Amino acid sequence: MTVSPVLSRVKIADQVLRRLDRERARAAADFRLQGCVPSFILEDVLPAEHARVIYQAFPPLDRLVLKHTLGQLKYVGYQMDAYDPLLTEIVYAFQDPRIVRAIGDITGLTGLLPDDKLYAGGISLMTQGQYLNPHLDNSHDIERNNYRVLNLLYYAAPEWPDGGGGHLELWDRGPGKPQRTIHSRFNRLVVMQTDERSWHSVSKVIHDGRRCCVSNYYFSPQPAGRDASYHVTAFRGWPGQKLADLAMRIDNGVRLAVRKIGGKRLFKNPHVYKK
């Protein structure tokens, strides 16, 4: 089957919506499992030939931004007009109002707001040796007016092996306890809640390939959890990384203090789409 070089976001959203509708009851039950970071998985989100074209649209590494800080090593892209237009279409397809409503129905979260500025969203790419330590996502949007409540991750690397690393890890009982692994399999969507308990990580990539992901966040005027306070992205060490864990705890505290003292006008994450 021949695929158009550019699939429109409306057509992509149509396909995603059909999959959500078929899996709605199962996804809602999964999201409400007790004792787990609230999440659900949607398999075979798009026709496989469409998903492969999306993977092929990912740019070379030298056109992405390398994020190498305490707790993370990965490539990201958020200035979407610098890339293949198809990547813009797939990113914003997940912000289609119909998709937002459907995911709101599944999760039970109200007032969901997609983020056209792509604050910490867009595309990401990980290669051999890259990782994300256990962490909590930043609690708010860039203006600190709304709470970050959902993370949508669409995995686009064909034939990514289960033994290749680069998989999402959910720490249902917090850092240091056994984690639950969700493999970053091709054409899979993972939707997870982000709140003060949703510790998650990405295992170190050991496969010699490009682990590609399309990321979106939804926000809301109300927090998804119980904690309504502001916090920065907070990293922790993996079990056994005692010194690294201490360093990350100190770094988390320093960054939070600086943000609170400096205020939102002085300190803004540059990871936004400047249209």
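The values are calculated or read from the model by the stated rules, or taken from the named source; none is laboratory data. For clarity, every value in this text was computed on a predicted model and none was experimentally measured. Backbone-built Cβ (ideal geometry, glycine too); neighbour counts: all protein chains shown. Side chains included, ligands, DNA and RNA excluded: accessible areas come from the protein's heavy atoms. Shrake-Rupley method; radii C 1.70, N 1.55, O 1.52, S 1.80 Å.
Of note:
- The GluC sites (Glu not before Pro) of region 16-49 that meet both conditions, a loop assignment by DSSP and at most 15 other Cβ atoms within 10 Å of the site Cβ, are 43.
- In order along region 90-106, phi translates into HN-Hα couplings of 5, 4, 7, 4, 6, 9, 4, x, 5, 5, 4, 5, 4, 5, x, 5, 5 Hz, rounded to whole numbers, per the Karplus curve 6.51 cos²θ - 1.76 cosθ + 1.60 with θ = phi - 60° and x for Gly and Pro.
- Its Cα centre serving as origin, the chain has a Cβ charge dipole (Lys and Arg +1, Asp and Glu -1) of approximately 720 debye.
- Listed residues 50, 68 arranged by accessible area, highest first, probe 1.4 Å: 68, 50
- Taking the centroid of alpha carbons for each part, region 238-253 and region 111-150 are 21 Å apart.
- Accessible-area rank, largest first, for 208, 44, 227, 172: 208, 44, 227, 172, with all protein chains present and a 1.4 angstrom probe.
- Listed residues 166, 262, 108, most fluctuating in the chain (Gaussian network, C-alpha, under 10 Å): 262
- Region 3-90 shape via C-alpha gyration tensor axes, a/c threshold 1.5: oblate
- Above-threshold pairs, the threshold being 32 Å between Cα atoms, out of 117/177; 177/274; 67/177; 74/242; 67/275; 242/274: 117/177; 177/274; 242/274
- Pairwise centroid distance, computed over Cα atoms, of region 54-74 with region 160-225, Å: 17 Å
- Of the residues 61, 42, the one with the largest accessible area comes first in the ranking 61, 42, computed with a 1.4 Å probe on protein heavy atoms.
- Three-way shape call for the chain based on the alpha-carbon gyration tensor, with the a/c threshold at 1.5: rounded
- Positive dipole terminus of region 103-254, leading residue within 175, 230, 113 (C-beta point charges): 175
- Cα-centre dipole for region 72-205 with unit charges at Cβ (Lys and Arg positive, Asp and Glu negative), debye to 20: 460 debye
- Rolled with a 1.4 Å probe across the full set of protein chains, the surface gives residue 194 an accessible area near 10 Å².
- Contact order normalised by residue count of the chain, Cα under 8 Å, 6+ apart, percent: 24 percent
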